[in-house]
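Asks: Just dropping this structure here.
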Amino acid sequence: MAEDKKKAEIKKIALVRLRGRVHVRGTIADTLEMLNLTRVNHAVVINGTPTFMGMVKKVKDYITWGEIDEPVFAAIAEKWGRKAAGARIEKKEASDFVKKFTAGETTFKEAGIKPYFALHPPSKGYERGGIKKHLKLGGALGYRGKEINVLLSSMAGLKDGSKK
């Protein structure tokens, strides 16, 4: 029972790959592949466990990440989620999956859903500094916190994705 509470308390982290494959060191490329971030603008949602966070630290110069809100996760899963065969996920199926996933009751593999979301580039682009600089320097890379929801909404084409 204590393990169930720990699973539910673990934050869900959204990762988005921003940079491509050219001149990527082999160990970093392997870590990105383990995180299912094989292409630019692919997004994944992981548990914020120490193991995953160690992997995130390793690839921090190629991704941006932060804590995803359940409504944004549900909207992205509904619009961009695909079954293993490539078919779209139904609205009810997506909302049920998100509730179970955030509660720690299921995984993408158990639900038969692809573990990544292939999104568009964000409307109105990334931050002024581009994708080679960290957020603190005016770029797009690194930890965003709750601001990842704005980026994901913009990339997914959701109504509340406007950057103000």
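Asks: Would you kindly state how much longer the chain becomes between residue 85 and residue 27 on full extension, computed as 0.36 nm times their sequence separation minus their alpha carbon distance, in nm to one decimal?
Replies: 17.9 nm
Asks: Another question about this same structure. Mind ranking 89-97, 18-26 by how tightly packed they are, going by the mean number of other C-beta atoms within 10 angstrom, highest first?
Replies: Details: 89-97: 16.8, 18-26: 11.8.
In decreasing order of mean packing, 89-97, 18-26 become 89-97, 18-26.
Asks: Can you put 28, 148 in order of Cβ neighbours within 10 angstrom, beginning with the fewest?
Replies: So the residues, fewest neighbours to most, are 28, 148.
Asks: Select from 140, 56, 31 the residue farthest towards the positive end of the dipole of the chain; place +1 on Cβ of Lys and Arg, -1 on Cβ of Asp and Glu, and compute about the Cα centre.
Replies: Of 140, 56, 31, it is 140.
Asks: When the Karplus curve 6.51 cos²θ - 1.76 cosθ + 1.60 is applied with θ = phi - 60°, which whole-Hz ³J(HN,Hα) does each residue of region 64-76 get, with x for Gly and Pro?
Replies: Result, rounded to whole Hz: 10, 8, x, 7, 8, 7, 4, x, 5, 4, 5, 5, 5.
Asks: Quote the relative contact order of the chain in percent (integer), defining contacts as alpha-carbon pairs under 8 Å separated by 6+ residues.
Replies: Computed over the chain, the figure is 25 percent.
Asks: Once each part is reduced to its C-alpha centroid, what is the distance from region 53-77 to region 98-164 in angstrom?
Replies: Their Cα centres are 6 Å away from one another.
Asks: Just rank 134, 120, 42, fewest to most, by other beta-carbon atoms within 10 angstrom.
Replies: Ascending Cβ contact count within 10 Å gives the list 120, 134, 42.
Asks: At a 10 Å Cβ-Cβ cut-off, how would you order 58, 124, fewest neighbours first?
Replies: Working: 58 17, 124 9.
Listing 58, 124 from fewest to most nearby Cβ atoms yields 124, 58.
Asks: What do the square roots of 5 times the Cα gyration tensor eigenvalues come to for region 55-152, in whole Å, largest first, as semi-axes of the equivalent ellipsoid? It would help to have the intermediate numbers written out before the result.
Replies: Details: eigenvalues 150, 40, 31 Å².
Working through the eigenvalues yields semi-axes of 27, 14, 13 Å.
Asks: Expressed as a whole percent, how much of the Cα-Cα distance distribution for the chain exceeds 30 Å?
Replies: 12
Asks: What do you get for Rg/Rh of region 1-93 when both radii come from the Cα atoms and Rh is the Kirkwood radius?
Replies: Computed over Cα atoms, the ratio is 1.00.
Asks: For the cross-link pairs 83/136; 12/109; 91/133; 57/114, which exceed 28 Å when the distance is taken from alpha carbon to alpha carbon?
Replies: From the list (83/136; 12/109; 91/133; 57/114), the Cα-Cα distance tops 28 Å for 83/136; 91/133.
Values quoted throughout were computed directly from the atomic coordinates according to the rules given, and no laboratory measurement underlies them. Remember, it's a predicted structure, so these values are computed and weren't measured experimentally. Quick reminder, even Gly has a Cβ in these numbers, built from the backbone with ideal geometry, and neighbours come from all protein chains shown.
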